[in-house]
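For reference, the structure discussed in these notes is given below.
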Amino acid sequence: MRVIRFAALVTAAGLLFVTGCEKKKDTADISVKGSMELKYAEQFSVDYCEDGCSVVDIDGAKYLIVPEDVSVPDDTSGMTVIKQPVENIYVAATSSMDLFDSIGGLERVTMTSTNADSWSLPVIRDAVSSGDIEYIGKYSSPDYETLVAEKCGLALESTMIYHTPKVKEQIESFGIPVMVERSSYEPHPLGRMEWVKLYGLILGDYEASEKLFSEKTKAFEELSVDDIPENERKTAAFFYVTSNGYFNIRKPADYVAKMIDLAGGKYVFKAADLNVDDNALSTMNIQTETFYELAHDADILIYNSTIDGEIDSIDQLVAKSSTLADFKAVKEGNVWCTGQNMFQQTTGAADMICDLNSIFTDKADSAELTYLHRLK
């Protein structure tokens, strides 16, 4: 049986927060009885303790989740303590909002760093517009007074917060626990969605999150893409045309490219052809000539509508760049467009892969697609 050793707990503003800077020489051993089962996620782990607490590890940062009826351990070590019930959550990690909503936890979220106009998810947009979820400024300059006045029980940040570390420090100085999620770093597309299990655990309803994840991934796990020979896989380009006339594509290592592969297709852009750098950006702009050279003969074109809106016809697409009229997929009418909620609806990853599979296996016209529609 493993044990986790803790030391040094401090309190502030009635909330529990571990600074990690003060440590006692004596430590207490807390026994671990098991761990959360994860199928795809690799960026977090959860150990269950004998006393009912849970220890979350996200890229080396430790969080201790303490149930409502359990006392906080006397000794901790370098951990952020999250005491349940967790109320008045501030979500600055956009991709997490849909996960809270999917398990009925949206009523626990009362603050966000994304304004109403920037939400493509109707439920979230309406909640922010009505004030049920209050927009308190960008992640880099939140309204600290509101965070304190609302007695924020948890600030959920993306790794963007590391660009403004003083903001994180300021929030923590009020005794508000800050958790930095890393779902965008998941190598498997469904790993992003599996973070719903962590949020279910935090909300005290892990069973609901586990059930939702199982239901969402069932259809994907029943796909038989391994039966499709490599030389028979249809090629696809995923892109949009920028206002400056460039073609914006997802990098070959991006999760969209991986979804295409998992769906039984083949992403047409390769790292060797693009001289891709190692920066953290998931997209890149390429010139028309390069896009033509690499995607002219692609079996399928998929237009990313999340930036400048959905389109319904091939004529609308060609109007963005006349060069596209000469593409194989355009001539054959095999051009598709995404819905605008594709990226914010984190729970839709498995459905998106199934949509793509329907296209690659010529079943799209008889299937009910969720995130894609064919351009007329």
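The values are calculated or read from the model by the stated rules, or taken from the named source; none is laboratory data. Fair warning: this is a prediction, and the values are worked out from it, not measured in the lab. For neighbour counting, all protein chains shown are included, and Cβ atoms are generated from backbone atoms with ideal geometry for every residue, glycine included.
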>> Conditions first: (1) surrounded by 17 or more Cβ atoms within 10 Å (Cβ to Cβ); (2) without any contact (Cβ under 8 Å) to a residue 24 or more places away in the chain; (3) not small (Gly, Ala, Ser). PRO165 passes all but one, so which condition is the exception?
In response: (1)
> Between residues in region 42-55 that are within 22 Å of MET193 (Cβ to Cβ) and touching a residue at least 24 places away in the same chain (Cβ under 8 Å) and residues that are among the hydroxyl-bearing types (Ser, Thr, Tyr) and outside any strand (DSSP E or B), which pairs lie under 7 Å by C-beta distance while being six or more apart or on different chains?
Replying inline: GLN43/SER183; GLN43/TYR185
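A quick yes/no check of all residues on (1) touching a strand residue (DSSP E or B) at 6+ places or on another chain (Cβ under 9 Å); (2) modelled with pLDDT under 95; (3) crowded, with 21+ Cβ neighbours inside 10 Å:
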{"residue": "ASP26", "(1), (2), (3)": "no, yes, no"}
{"residue": "SER31", "(1), (2), (3)": "yes, yes, no"}
{"residue": "ASP47", "(1), (2), (3)": "yes, no, no"}
{"residue": "ASP59", "(1), (2), (3)": "yes, no, no"}
{"residue": "GLN84", "(1), (2), (3)": "yes, no, no"}
{"residue": "GLU87", "(1), (2), (3)": "yes, no, no"}
{"residue": "ALA92", "(1), (2), (3)": "yes, no, yes"}
{"residue": "THR114", "(1), (2), (3)": "yes, no, no"}
>> Regarding region 130-151, can at least one residue be identified that is at pLDDT below 95 and either among the aromatic types (Phe, Trp, Tyr) or over 21 Å from GLY339 (Cβ atoms) (or both)?
In response: no
> Of the conditions (1) surrounded by fewer than 17 Cβ atoms within 10 Å (Cβ to Cβ); (2) touching a Ser or Thr at 6+ places or on another chain (Cβ under 9 Å); (3) farther than 30 Å from ILE161 by Cα; (4) not β-branched (Val, Ile, Thr), ASP226 fails just one. Which one is it?
Replying inline: (2)
> GLU332: under 26 Å from the mean Cα position of the chain (by Cα) and assigned by TED's automatic domain parsing to the domain that holds TYR246, yes or no?
Replying inline: no
>> Give me the residue from region 308-331 that is among the charged types (D, E, K, R) and in contact (Cβ under 8 Å) with a residue 24 or more places away in the chain and, out of that set, farthest from VAL256 (Cα to Cα).
In response: ASP326
> Given the structure, is LYS251 within 20 Å of TRP336 (Cα to Cα), surrounded by 18 or more Cβ atoms within 10 Å (Cβ to Cβ), within 24 Å of the chain's Cα centre (by Cα) and at pLDDT 95 or above?
Replying inline: no
>> Against the condition surrounded by fewer than 18 Cβ atoms within 10 Å (Cβ to Cβ), within 27 Å of VAL56 (Cβ to Cβ) and among the hydroxyl-bearing types (Ser, Thr, Tyr), how does SER140 come out, does it pass?
In response: yes
>> Criterion first (outside the structural domain of TYR267 (by TED's automatic domain parsing), under 23 Å from TRP336 (Cβ atoms), touching a residue at least 40 places away in the same chain (Cβ under 8 Å) and not polar (S, T, N, Q)) does LEU190 satisfy it?
In response: yes
> Looking at region 123-137, which of its residues are in contact (Cβ under 8 Å) with a residue 60 or more places away in the chain and over 19 Å from ALA93 (Cβ atoms)?
Replying inline: none
> Does any residue of region 169-176 turn out to be charged (D, E, K, R), at pLDDT 95 or above and over 24 Å from TRP195 (Cα atoms)?
Replying inline: yes
> If only one of ASP365, ASP299 is in contact (Cβ under 8 Å) with a residue 60 or more places away in the chain and either hydroxyl-bearing (Ser, Thr, Tyr) or farther than 29 Å from GLU194 by Cα (or both), which one is it?
Replying inline: ASP299
> Looking at (1) surrounded by fewer than 21 Cβ atoms within 10 Å (Cβ to Cβ); (2) touching a residue at least 24 places away in the same chain (Cβ under 8 Å); (3) on the phi < 0 side of the Ramachandran plot; (4) assigned by TED's automatic domain parsing to the domain that holds PHE213, can you tell me which one ASP101 breaks?
Replying inline: (2)
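Per-residue answers, yes or no, for (1) among the basic types (Lys, Arg); (2) within 30 Å of ALA155 (Cα to Cα); (3) surrounded by fewer than 17 Cβ atoms within 10 Å (Cβ to Cβ):
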site	(1), (2), (3)
TYR199	no, yes, no
LYS211	yes, yes, yes
ALA257	no, no, no
PHE269	no, no, no
THR283	no, yes, yes
GLN287	no, no, yes
LEU294	no, no, no
ALA298	no, no, no
